[in-house]
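What follows is a single structure, written as structure tokens, with notes after it.
The values are calculated or read from the model by the stated rules, or taken from the named source; none is laboratory data. Note that the structure is a prediction, hence the values are computed from the model and not measured. Glycine gets a Cβ as well: all are built from the backbone with ideal geometry, and neighbour counts include every protein chain shown.
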Amino acid sequence: MVVKRPYQSARREQQARQTRQAIIAAAGKLFVSPGYAATPLTAIAAEAGVAVQTVYAAFGSKRQLLSALVDVTIAGDDEPVALPDREFVAAIRAAPTARAKLACYARHLAGVQARQADVVIALSGAATADPDAAEIWRKNLDDRRRGMLGFAADLAATGEIRPGLDQDHVADVLWLAMDVRNYDWLVRQRRWSPGQYQRWYADTVAGALLRDPPPPGDDPGPRARPRSS
């Protein structure tokens with residue numbers, strides 16, 4: 001009986017992961033230009049330097065490859081860690097005020113948008129004509145909405161949300177403000193800096209959702225003790 005050595009298995013796993021990463025990188029390039037519909041798996045295989053059978057073995061179909069590309073692009077890696085369990089979520093939850101949470105998320109969002117803008121905008125375009133792309137685009141929209149519902153609950157827990165706004169309303173505003181097309185227009189087309197984009201996001205969402213801060217001098221501070229006679 002042949003016993004597989006652990007290091008041989010680990011090496012094969014690493015090679016398989018590198019192959020998947022190469023295929024995803026090739027898909028990220030070609031699905032953006034010339035586009036999803038115009039890119040056969042044979043072209044992705046050639047770009048990645050692998051046989052087309054390897055692409056099928058790794059992903060099964062062009063649709064599954066697109067889905068994996070979107071997931072990896074948004075997460076920034078292929079680690080099996082769900083977005084709610086990632087460090088940036090813990091950092092947002094630990095921030096002490098609603099405005100601090102928005103500023104923390106804005107920093108994270110600027111990095112994500114820089115990474116995903118080309119792929120997600122290409123996906124939205126492909127979704128108008130291709131049923132598989134449309135299904136993945138809808139899943140992306142639904143995933144973002146669920147994520148913003150969680151963020152809305154975290155903001156509401158601070159007690160700083162303006163009276164009369166329910167969780168759905170808060171999530172809708174968050175969902176709209178984080179749309180990648182805002183980043184595309186402001187940063188990539190209008191040439192805003194990432195810092196300007198972050199401030200725009202935090203200020204815009206705070207203005208739409210949070211209570212107005214008290215006017216200067218409105219807080220009486222600690223009550224003074226009466227002087228003893």
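Considering each of I74, I44, I92 in turn, give the residue that is surrounded by 11 or more Cβ atoms within 10 Å (Cβ to Cβ), touching a Cys at 6+ places or on another chain (Cβ under 7 Å) and either in a helix (DSSP H, G or I) or of a type in the set (G, A, S) (or both).
Details: I74 fails: touching a Cys at 6+ places or on another chain (Cβ under 7 Å); I44 fails: touching a Cys at 6+ places or on another chain (Cβ under 7 Å).
Every option except I92 fails the conditions.
Kindly indicate whether any position in region 113-129 is assigned by TED's automatic domain parsing to the domain that holds R191, surrounded by fewer than 17 Cβ atoms within 10 Å (Cβ to Cβ), on the phi > 0 side of the Ramachandran plot and of a type outside the set (S, T, N, Q).
Looking through region 113-129, none of the residues is assigned by TED's automatic domain parsing to the domain that holds R191, surrounded by fewer than 17 Cβ atoms within 10 Å (Cβ to Cβ), on the phi > 0 side of the Ramachandran plot and of a type outside the set (S, T, N, Q).
Could you tell me whether any residue of region 89-103 is under 13 Å from the mean Cα position of the chain (by Cα) and of a type outside the set (V, I, T)? Spell out how you get there, then give the answer.
We begin by selecting, within region 89-103, every residue under 13 Å from the mean Cα position of the chain (by Cα); these are 89.
Retained after the next criterion (residues that are of a type outside the set (V, I, T)): none.
No, there is no match, as no residue in region 89-103 is under 13 Å from the mean Cα position of the chain (by Cα) and of a type outside the set (V, I, T).
In region 147-175, what count of residues is obtained for those that are loosely packed, with under 14 Cβ neighbours inside 10 Å and either outside the structural domain of V205 (by TED's automatic domain parsing) or free of Cβ contacts under 8 Å to residues at least 24 places away in the same chain (or both)? It would help to see each step written out before you state the result.
Step one: list which residues in region 147-175 are loosely packed, with under 14 Cβ neighbours inside 10 Å, which gives 153, 157, 159, 162-164, 166, 168.
From what is left, the residues that are either outside the structural domain of V205 (by TED's automatic domain parsing) or free of Cβ contacts under 8 Å to residues at least 24 places away in the same chain (or both) are 153, 157, 159, 164, 166, 168.
Result for region 147-175: 6.
Can you go through A37, A103, A117 and tell me which one is in contact (Cβ under 8 Å) with a residue 60 or more places away in the chain and part of a loop (DSSP other than H, G, I, E, B)?
Details: A103 fails: part of a loop (DSSP other than H, G, I, E, B); A117 fails: part of a loop (DSSP other than H, G, I, E, B).
It is A37.
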